[in-house]
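Peer 1: My questions all concern the structure below.
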Amino acid sequence: MESMTFVLFGATGDLAKRKIYPALYNLFIDQKLPQSISIIGLGRRALSDAEFQNRVEQSIETFSRRVEHDYSKMGEFLNAFRYKVLDVTNTEDYGKLLDFVEQREEELHIPENRMFYLSVAPELFDGIALNIKESGLGSTTGWKRLIIEKPFGHDLESARDLNVKLSKAFEEEEIYRIDHYLGKPMVQNLEALAFANPVLQALWNNQYIANVQITASETVGVEERAAYYDGAGAIRDMVQNHMLQLLMMTAMHLPKQISANDIREEKRKVMESLRPLKKEDVGLHVIRGQYSAGEIHGQPAAGYTDEPGIEASSHNDTFVAARVRIDNPFWNGVPFYIRTGKRMKEKSTRIVIEFKDSLKELYRNRNEQTEPNLLIIEINPNENVSLQLNSKNPLNDGKMEPVRINFTSEQEGVPEAYERLIFDAIRGDSTFFAHWKEVELSWEWVQPILEAFEENLVPLHLYQAGSYGPEAAHHLLKEDGFKWWLDKEALKNLELALQA
Ligand SMILES: NC(=O)C1=CN([C@@H]2O[C@H](COP(=O)(O)OP(=O)(O)OC[C@H]3O[C@@H](n4cnc5c(N)ncnc54)[C@H](OP(=O)(O)O)[C@@H]3O)[C@@H](O)[C@H]2O)C=CC1
Ligand SMILES: O=C1O[C@H](COP(=O)(O)O)[C@@H](O)[C@H](O)[C@H]1O
């Protein structure tokens, strides 16, 4: 792996502490960092190198999935870290930074390979990129890369504007837009599931699939992020990025080659085939919700408008469900349902693929009932793939019952999303980062929804904290003759039936 400099803007922030340092540490332990690496943390507050290294160590002790007890390893790791005060709006500071980067490159015999990680507020992204270019930090004889955090814009126009500004300093191939869902092992495994298994590959189309359901439900509420979340809502926070990325990963078709460009090309094709929504019709296909007071795991939970920092009159969406149509020959006629919400009954990110049930009538004529076959891909908190089939139970008079076959189970020591993504960026593999075209097409699809919400054209359904979201989200599927699969209660019933 090539030696490099890793420049971290926002080195004193929350994301650096909780995700980035633990990820770098685990990569180091697994020998997945370059032999020579100079890591330069930047922030406004004054810190010595020793104080900074101490903070990094504390963050690893608190947040890393593992800590090695061999202290010399920790010392070796921390030795790569230096800290510089830099106000991102002060152009002079970038000149000083360039001098320091070059000095470290010389000391450590590192070629001019420079990674710039922007872990700062999004309104600072474009200014930093421009200053990197103008200061000469970006003029390297090696490579340069930019890792950028979400959110990428606030709507279609601001995202396009940001992209134009970034592209003055970095080529598209040099920009790594993080969507941490793309770093989750089971999301990365979607590619293998659909493409490396001929049995599934043959069924991956509208001839066999009745509908696809993508759920990301959370039990947490707005927490300490009122200022950001109340202006973003579930639609910007989850749907525009994570949910549509999951949809792309599920609906894309076998590329000519398994390469970053070919996979991105297939994802782009999916987004280009999404049936656009008209602002006036958004209410027919999209459900908007907000949590009211309720109970989570037996504890009382406040309603959204009673949360600290949220106005009593807020109409912000904490829940969104939508029916998405993909107008291409593979998916014509197959609704994709997406659903995400805060303060719901359970934490569960999963994709359920419901297969067509062509034998249902045959069995119904014999007074027997079959359940549809389901492929269940659990992403978080459990990782699992299972298939639900019908089978006769010899202990129950040969009655037809659904059985589930599990293919994978939780494994110890699986790298976290940030570890995988930072590792990929270090070796220049952009497969699991969001390409600008995907981001732009996602904003294009979401834009009428933003406008319909803004103009209150879509009712805001209240749902109790600790529930499965508003009833309207269930009606959305009922209209098409379907239901949401495998909310935990349903799963429990299924297991009880199996045990009986
Ligand atoms: N935290 C999280 O879980 C997640 C965060 N993100 C994204 O990551 C990015 C960082 O978030 P987070 O770490 O939570 O933010 P924080 O507010 O915790 O940290 C912000 C960082 O930016 C630095 N900073 C602010 N202004 C300046 C300035 N003018 N010049 C130099 N440095 C500055 C701060 O340094 P100092 O205080 O020393 O000035 C601090 O290190 C954001 O884009 C956020 O949307 C994305 C997903 C999850
Ligand atoms: O990006 C975000 O994701 C988290 C949910 O992530 P997960 O990995 O726990 O599923 C969400 O809570 C947060 O609001 C959002 O910004």
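Peer 1: Say we look at region 60-71 and pick out the residues that are open to solvent by less than 80 Å² (accessible area, probe 1.4 Å) and not in a loop (DSSP other than H, G, I, E, B); which of these is farthest from ligand 2 (Cβ to nearest atom)?
Peer 2: Of everything passing the filter in region 60-71, 60 is farthest from ligand 2 (Cβ to nearest atom).
Peer 1: Inside region 112-226, counting only strands (runs of 3 or more DSSP E) that do not spill past its ends, which hold 1 or more residues that are small (Gly, Ala, Ser)?
Peer 2: Once the strands (runs of 3 or more DSSP E) in region 112-226 are filtered for at least 1 residues that are small (Gly, Ala, Ser), what remains is 209-217.
Peer 1: Residue check: is residue 55 within 16 Å of ligand 2 (Cβ to nearest atom) and open to solvent by 80 Å² or more (accessible area, probe 1.4 Å)?
Peer 2: no
Peer 1: Follow-up question, since we're still on this one. Of the numbered conditions (1) farther than 14 Å from residue 13 by Cα; (2) within 15 Å of ligand 1 (Cβ to nearest atom); (3) part of a helix (DSSP H, G or I); (4) open to solvent by 30 Å² or more (accessible area, probe 1.4 Å), residue 89 fails exactly one; give the number of that condition.
Peer 2: (3) is the only condition that residue 89 fails.
Peer 1: Go through region 269-310 and report how many residues are outside any helix (DSSP H, G or I) and open to solvent by 40 Å² or more (accessible area, probe 1.4 Å).
Peer 2: Selection size over region 269-310: 12.
Peer 1: What are the residues in region 20-30 that are out of contact with any Pro (no Cβ under 7 Å at 6 or more places or on another chain) and either surrounded by 22 or more Cβ atoms within 10 Å (Cβ to Cβ) or under 13 Å from residue 426 (Cα atoms) (or both), if any?
Peer 2: Scanning region 20-30 gives 20, 21, 22, 23, 24, 25, 27, 28.
Peer 1: If you don't mind, there's one more thing I want to ask. Which condition number in (1) open to solvent by 10 Å² or more (accessible area, probe 1.4 Å); (2) of a type in the set (A, V, I, L, M, F, W, C); (3) more than 22 Å from residue 381 (Cα to Cα) is the one that residue 232 fails?
Peer 2: (1)
Peer 1: Of the residues that sit in region 108-150 and are surrounded by fewer than 17 Cβ atoms within 10 Å (Cβ to Cβ) and within 11 Å of ligand 1 (Cβ to nearest atom), which one is nearest to the chain's Cα centre (by Cα)?
Peer 2: Result: 121.
Peer 1: It is to be established whether one or more residues within region 349-365 are part of a loop (DSSP other than H, G, I, E, B), open to solvent by less than 40 Å² (accessible area, probe 1.4 Å) and modelled with pLDDT of 85 or more.
Peer 2: Among the residues of region 349-365, not one is part of a loop (DSSP other than H, G, I, E, B), open to solvent by less than 40 Å² (accessible area, probe 1.4 Å) and modelled with pLDDT of 85 or more, which makes the answer no.
Peer 1: Quick one: which residue in 15, 24 is within 24 Å of the chain's Cα centre (by Cα) and near ligand 1 (Cβ under 9 Å from one of its atoms)?
Peer 2: Answer to the check: 15.
Peer 1: Can you tell me which of (1) within 16 Å of ligand 1 (Cβ to nearest atom); (2) free of Cβ contacts under 8 Å to residues at least 24 places away in the same chain; (3) not small (Gly, Ala, Ser) is the one residue 266 doesn't meet?
Peer 2: Of (1) within 16 Å of ligand 1 (Cβ to nearest atom); (2) free of Cβ contacts under 8 Å to residues at least 24 places away in the same chain; (3) not small (Gly, Ala, Ser), only one is false for residue 266: (1).
Peer 1: Turning to a different aspect of this structure: Would you point out which residue out of 450, 494, 486, 476 is open to solvent by less than 50 Å² (accessible area, probe 1.4 Å), modelled with pLDDT of 95 or more and either of a type in the set (S, T, N, Q) or under 27 Å from residue 193 (Cβ atoms) (or both)?
Peer 2: 476
Peer 1: Could you go through region 423-435 and let me know if any residue there is modelled with pLDDT of 95 or more, closer than 28 Å to residue 321 by Cβ and in a helix (DSSP H, G or I).
Peer 2: No, that holds for no residue.
Peer 1: Need pairs with beta-carbon distance below 8 Å; first residue under 15 Å from residue 425 (Cα atoms) and within region 163-174, second modelled with pLDDT under 95 and open to solvent by 80 Å² or more (accessible area, probe 1.4 Å); sequence gap 6+ or separate chains.
Peer 2: Listed by first residue and then by second, the contacts come to nothing, as the list is empty.
Peer 1: Here is a further query. With the condition kept exactly as written, say whether any residue in region 325-337 is within 15 Å of ligand 2 (Cβ to nearest atom) and in contact with a Ser or Thr (Cβ under 9 Å, 6 or more places away or on another chain).
Peer 2: no
Peer 1: Let me ask you something else. Kindly establish whether residue 231 is touching a helix residue (DSSP H, G or I) at 6+ places or on another chain (Cβ under 7 Å) and either within 11 Å of ligand 2 (Cβ to nearest atom) or farther than 22 Å from residue 324 by Cβ (or both).
Peer 2: So residue 231 fails the test.
Peer 1: Which of the numbered conditions does residue 225 fail, given that it passes all the others? Conditions: (1) open to solvent by 10 Å² or more (accessible area, probe 1.4 Å); (2) in contact (Cβ under 8 Å) with a residue 40 or more places away in the chain; (3) among the basic types (Lys, Arg).
Peer 2: (2) is the only condition that residue 225 fails.
Peer 1: Here is a follow-up. Please work out if residue 417 is within 28 Å of residue 236 (Cβ to Cβ), of a type in the set (Gly, Ala, Ser) and surrounded by fewer than 21 Cβ atoms within 10 Å (Cβ to Cβ).
Peer 2: no
The values are calculated or read from the model by the stated rules, or taken from the named source; none is laboratory data. Fair warning: this is a prediction, and the values are worked out from it, not measured in the lab. In this analysis, Cβ positions are derived from the backbone assuming ideal geometry, glycine residues included, and neighbour counts consider all displayed protein chains. Heavy atoms of the whole protein, side chains included, go into the accessibility calculation; ligands, DNA and RNA do not. Shrake-Rupley method; radii C 1.70, N 1.55, O 1.52, S 1.80 Å.
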